[in-house]
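Here's the structure, in structure tokens; my notes come after.
The values are calculated or read from the model by the stated rules, or taken from the named source; none is laboratory data. Nothing here was measured: the structure is a model prediction, and the numbers come from that model. Neighbour counts run over all protein chains shown; Cβ positions are idealised from the backbone, glycine included. Keep in mind that these areas ignore ligands, DNA and RNA; they rest on the heavy atoms of the full protein, side chains included. Shrake-Rupley method; radii C 1.70, N 1.55, O 1.52, S 1.80 Å.
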Amino acid sequence: MLYRSTRNILSGVQSHIAIKTGMAPDGGLFVPEYIPKISETDILAMVNMSYKEIARVILSLYLDDYPEIDLTSFINEAYSPPRFPIYNPAPIHCLNDVVNILELWHGPTCAFKDIALQLLPRLLVKAVEMSGEHNETAILVATSGDTGKAAMEGFKDVKGTKVIVFYPEEGVSEIQKAQMITQQGDNVFAVGVHGNFDDAQSGVKAIFGDSEINRRLGRDGIKLSSANSINWGRLVPQIVYYFHAYASCMKLGKVNPGAKINFVVPTGNFGNILAAYYAFKMGLPVNKLICASNINNVLTDFISVGTYNSIRPFHKTISPSMDILISSNLERLLFDISGEDESYVTHLMERLKLTGAYTVSSNLRDNISEYFWGGYSTESSTLETISDIYREYGYLIDTHTAVGIDVYDKYVISTGDMTPTVITSTASPFKFCRSVAEAVIPNGIDAVIDEFKLIDLLSEKTGIAIPDGLKALEEKQAKHLITCQQNEMASVVENLLK
Ligand SMILES: *Cc1c(COP(=O)(O)O)cnc(C)c1O
């Protein structure tokens, strides 16, 4: 399996090089040169396979330059206690006859990012070893809140790596911030940027593209890489849980063997839902991929009219991990759906950079809506959904998952489709507990109590245990207190790496 760039200066790259490099040097993203197929028989056989076994099947198709024995041990290490529960890292909770919730937040930082970010450091360190280099790898991360913590946790004390996380100083929840600034490990750093996620992300991309900085760092034996979902090593572990979810649904009798299902994915940077698309293209029987947004609904508009317009007000919402106006991974979808037309993709991405917007051909738009349905949830209906689901089913969901469920309801109303559906639940409700508590604690909560006390209160009132990763956060000592402007990010990086 070889990889190429969506903008095509580079091709014929092995997966370990793609993972080590992060973003292609021509500004594009690495994609597989073809999408491998899994036969119906092999999918049916997954009913009797564990998560780790399914992970081995998928990973060895995409990462065939890695020795099989290493992939097996990486998977065993990543998806075992204490990182993930012993029985299953991605369990299904059946809400009713049609709707199943895929809980992806049983990892150490309580969001789905752990599933990829517990594996990526292992893949990356091995990639450096395979290429015979002795560089230190410096991983730059822009985060809307969850990736940063998951990357710090995944890479802490990993030899030969340093991680610098940039988060929007005012754009993450109290809990997300506390998780990052109290992180242990001498090789991981968190820096607050005065700006929003898009500012942090474009700052990081600018550093990757700056040949002067790369040359200076190279002289000191340092190479930059990325742990954002622009890195192929982030995406491929996410394909696994779509196959596993399908197998679980067959096992639970929720879907007949070989029958189609829908996936609903709360979406920001388009990474998670793109992994679902790859699973679909590999042969998983999917009816529709439902792309759920909050009021930063740039993707909803794009899917319905074919114009991607990022020039619009940026809203800070109660589902902050989806507060994104430039969804990087859409580039990979455009590449595949346009029939791998790299010059067209380059043209669209240049329009986006220059004008903040682009419009795809009506043909391409029609192809997209064959696979995808897009919708969004307002702040008040997100809260209502949390409270409805808790009242109706006694099941507690976070704000991002609530966006997914609310958009799914809109999908059913608009289409009447009753195909069995899996909704990906991307974070533990305790991670976004202010909004969750507001929605489910009937007498209202005192607005002044801090989020850490709310975690305890929410657990007390619902009888649901607090995940280990969120216990006693306020007692931990803050280690990372640097903040900067967007235009200072490059010098912060060089200073921290000295
Ligand atoms: C990152 C994140 C998302 C968005 O996922 P993308 O892959 O960026 O689309 C949704 N929910 C939560 C809780 C997240 O952390």
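For the listed peptides 154-162, 411-419, 287-295, a ranking on the average number of other beta carbons within 10 Å per residue, highest first, reads 287-295, 154-162, 411-419. Placing pseudo-labels 7 Å out from each Cα toward the beta carbon at E33 and E379 gives an inter-label distance of 5.0 nm. Please identify the helices of the chain, taking whole runs of DSSP H, that span at least 27 Å along their own axis as judged from the Cα atoms and have a mean Kyte-Doolittle score of 0.0 or higher. Long hydrophobic helices here: 232-251. Using a simple spin-label model with pseudo-atoms 7 Å out from Cα toward Cβ, I311 and E170 lie 2.4 nm apart. The protection proxy used here, the mean number of other Cβ atoms lying within 10 Å of each residue, ranks peptides 22-30, 178-186 as follows, highest first: 22-30, 178-186. Among the GluC sites (Glu not before Pro) in the stretch 113-222, those located in a DSSP loop and surrounded by at most 13 other Cβ atoms within 10 Å of their own Cβ are E170. Accessible surface for the chain, divided over its residues, is 37 Å² per residue with a 1.4 Å probe.
To the nearest 20 debye, what charge dipole does the stretch 31-104 have about its Cα centre, counting +1 at the Cβ of each Lys and Arg and -1 at the Cβ of each Asp and Glu?
Values: 4 positive and 11 negative charges, 49 e Å.
Its charge dipole is roughly 240 debye.
Distance between the pseudo-spin-label points of L354 and A478 (7 Å out from Cα toward the beta carbon): 4.4 nm.
How long are the three semi-axes of the equivalent ellipsoid of the stretch 7-120, in whole Å, if each is the root of 5 times an eigenvalue of the C-alpha gyration tensor, listed from largest down? Present the calculation step by step, with values, prior to reporting the outcome.
Details: eigenvalues 156, 63, 51 Å².
For the stretch 7-120, the ellipsoid semi-axes come out as 28, 18, 16 Å.
Express in % the proportion of alpha carbon pairs of the stretch 168-294 at distances exceeding 16 Å. Spell out each step's value before the answer.
Working: 5925 of 8001 pairs.
Within the stretch 168-294, distances greater than 16 Å cover 74 percent of Cα pairs.
Provide the packing ranking of 222-233, 55-66, 461-472, i.e. peptides ordered by the mean count of other C-beta atoms within 10 Å per residue, highest first.
The packing order, highest mean first, is 222-233, 55-66, 461-472.
Both numbers refer to the Cα atoms of the chain; Rg and Dmax are 21.2, 62 Å.
Given a 1.4 Å probe and every protein chain left where it sits, what share in percent of the accessible area of the stretch 202-323 is carbon and sulfur?
On the way: 1830 of 3550 Å².
The computed percentage sits at 52.
Beta bridges from DSSP with both residues in the chain: antiparallel share about 25 percent, rounded to the nearest 5. With Cα atoms defining each centre, the stretch 1-58 and the stretch 82-156 are spaced 17 Å apart in the structure.
Helices in the chain, meaning DSSP H runs of at least 4 residues, each add -39500 (n - 2.57). Divided by all residues, the mean residue ellipticity at 222 nm is -13500 deg cm²/dmol. Calculate I(q)/I(0) for the stretch 345-498 by the Debye formula, one identical point scatterer on each C-alpha and no solvent, and give its log10 at q = 0.10, 0.12 Å⁻¹ to two decimals. Taken in order of the listed q values, log10 I(q)/I(0) reads -0.62, -0.82. The Cα center of the stretch 224-261 and the Cα center of the stretch 290-307 differ in position by 22 Å.
Here S304 and N495 are evaluated by their C-beta separation; at R0 = 35 Å the FRET efficiency comes out at 0.20.
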